[in-house]
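What follows is a set of notes on a single structure, which appears directly below.
Any read-out appearing in this document is the output of simple, stated calculations on the displayed coordinates, not a laboratory observation. Quick caveat, the model's predicted, so the values are computed rather than measured. Here Cβ is always computed from backbone atoms with ideal geometry, including for glycine, and neighbour counts include all displayed protein chains.
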Amino acid sequence: MEETTLNNNIHVKLTEKFGEKVTAVSEPYGLLTFVTYKDVIINVLSYLKDELKFNFLTDITAVHYPGQNHGIAVVYHLNNMVERVRIRIKVFISEQNPTIPTATTVWKGANWMERETYDLFGVKFEGHPDLRRILNMDDLGVHPMLKQYPLEDPNRVDKKDEFFGR
Amino acid sequence: MNHNHPVFTDNDPQSELVTLNLGPTHPATHGVFQNVLQLDGERIVSGVSTIGYIHRAFEKIAEHRPFYQITPLTDRLNYCSSPINNMGWHMTVEKLLNIQMPKRVDYLRVIIMELSRISDHIICNTIIGQDTGATTTFLYLFQFREHIYEIFEEVCGARLTTNIGRIGGFERDFNEIAFAKINKFLKEFPVALKEFENLLTRNRIFIDRTAGVAEVSKETALEYSWTGPLLRAAGVDYDVRVADPYSSYQDFDFEIPVGTSGDIYDRYLVRNEEMWQSVRIIEQAVVKLKTEPKGIFHADVPDFYLPPKQEVYNNMEALIYHFKIVMGEIDAPKAEVYHAVEGGNGELGFYLINDGGRTPYRLHFRRPSFINYQMFAPMSEGMLLSDAIINMSSMNIIAGELDA
């Protein structure tokens, strides 16, 4: 109950401030989730940090939904340690030109999380101080977490995706 | 892409700085870490960390494995406390499936998780001792890790990469020998821990080496998304066990130790006190278990929990469940879930997106070592090389969790 009221308050405040830039609000397993756009993402993050006490950046990562108009979702998890609320923010960006402003201007800790996301998904964080690969070698050439890159040898007949339910 | 790469050689003959490749396999770094340091005498002028030496693409592999086959992958994140990772993963899936655990299972899990926390902190604190020159403490307390592994062995058959428990509970009940070993541990460990503290905590040399070294303010720690003992040593009382209780941690009475300056000495003290608190929690769990109905070691969820082999051979329904679970045909809701547990090094998060297939659509591990370690190079600037070494030990960076 308490969690829901907190989430509602946050939702109301965000809608007041950003209007229709905050969409697709849902609460899977009590965690307030919404979608926003890349032109306002830094404003949203700063607003959450400075005004709504989401002082802690838990995580940045991405998800690839191939074949869609905006096929890469960059996902931010924030934590309000004082009121013990978490929040999840998603920004869908285009697969062909995956760029988004960097969050290192809001949290220094975003640095390596964004490098990891760049390494695995090829998301280019504009304004990042040091956007290099972090886990894979520099001349890998691909961003391996994208769905078009198979895990194993694609010629094997026993490891087809259809045998794994997709 | 390569514009900002570390320099591996000294090109400038006039330069008074020395480039040192600390690692990837340096005996003082306890793992595969490379730091390219620019040294002015013994002082570090600048440093660049290179990681990824044991990157095994677990997130990619996890997209092609049914849920129960992902548990062994989590073993290999922070391999010093694998059971916490295993339980964190089980609880993530249970949260997705909305399974409620019986209290007895929660308490058994708490025992296992706190034992692994102790074993994790033993490694870190004894190695700080080792790196400051006190080999005795390392050899002395390390035997209790062996005792903890014996308990794990009794419960699940494995020692280091445990694959302990199942989605929905444990694969078998704790036997009498396991409880006897836990009780023996609870009796003997506090004595040894006290002696360990007597050797280090008020030791003049140890204090001189650690106090005031690598101080971190709480603002900086939060800015860099630090969690776990490092954040608490800096003075922020954030612990997932209290902030976001899981596995019935709310039933236990324990304290969260908090430091003030965030230096190496504070981190050592925080970890030591956490070991005492873990002992307290295990003692309470053992007492609580006595009042719980015996023999319950998993939730009653036949759709997700493997039936015993005896049943599979003699009972049609059990055979069907067995087949469906092994083939990964469980009906999990199409949803996304984030679940965090307090690992040995901080908030270990699992972000799971399920699309109804047999495997996760996406699984992301929020690995505390990875996020904590990014501050190592910036904070080493201006530090003595020998201080940077113990700074790294006190951050307890585990290579498996760093690279995933």
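Observations on the structure shown:
- For chain B, relative contact order (Cα pairs under 8 Å, six or more residues apart, normalised by length) works out to 25 percent.
- Gain on full stretching of the segment that runs from B:L20 to B:E329 - 0.36 nm per residue minus C-alpha separation: 105.9 nm
- Residue pairs exceeding 29 angstrom between C-alpha atoms, taken from B:K103/B:K309; B:K290/B:K324; A:K53/B:K288: B:K290/B:K324; A:K53/B:K288.
- Taking Cα atoms only, the orientation of helix B:316-326 departs from the longest principal axis of chain B by about 20 degrees.
- DSSP bridge pairs, the protein assembly as shown: antiparallel proportion in percent, nearest 5: 85 percent
- Residue-wise HN-Hα couplings along segment B:120-132, as the Karplus relation 6.51 cos²θ - 1.76 cosθ + 1.60 with θ = phi - 60° gives them from phi, are 5, 5, 4, 4, 4, 6, 5, 6, 4, x, 4, 6, 8 Hz; Gly and Pro carry x.
- Among beta bridges that DSSP assigns inside chain A, antiparallel share in %, nearest 5: 70 percent
- Take the Cα of B:N315, go 7 Å toward its beta carbon, and the backbone nitrogen atoms of segment B:286-303 under 18 Å from that spot belong to B:295-303.
- Mean-position separation - Cα centroids, segment A:37-92 and segment B:207-282, in angstrom: 26 Å
- Entry for segment B:230-275 at q = 0.17, 0.27, 0.30 Å⁻¹: log10 I(q)/I(0) = -0.48, -0.92, -1.02, Debye formula applied to identical alpha-carbon scatterers, no solvent contribution.
- Using alpha-carbon coordinates, inclination of helix B:264-291 to the longest axis of chain B, degrees: 10 degrees
- Of the trypsin sites (Lys or Arg not before Pro) in segment B:270-322, those whose Cβ has at most 14 other Cβ within 10 Å and which sit in DSSP loop: B:K294
- Adding -39500 (n - 2.57) for every DSSP H run of four residues or longer, then dividing by how many residues chain A holds, sets the calculated 222 nm ellipticity at -7500 deg cm²/dmol.
- Helical contribution to [θ] at 222 nm, DSSP H n ≥ 4, -39,500 (n - 2.57), averaged over chain B, rounded to 500: -15000 deg cm²/dmol
- Taking label points 7 Å from Cα along the Cα-to-Cβ direction, B:T136 and B:R204 give a separation of 1.5 nm.
- Of A:K108/B:K60; A:K108/A:K147; A:K147/B:K334; A:K13/A:K49; A:K108/B:K95, those spanning more than 25 Å from alpha-carbon to alpha-carbon: A:K108/B:K60; A:K108/A:K147; A:K108/B:K95
- Rounded to the nearest 10 degrees, the angle from helix B:82-97 to the longest Cα principal axis of chain B is 50 degrees.
- Bridging of B:K184 to aspartates and glutamates at a Cα separation below 18 Å is possible for B:E114, B:E146, B:E150, B:E153, B:E154, B:E176, B:E195, B:E283, once same-chain residues fewer than 8 apart are set aside.
- Between B:H55 and A:Y29, the simple label model (points 7 Å from Cα in the Cβ direction) yields a spacing of 2.7 nm.
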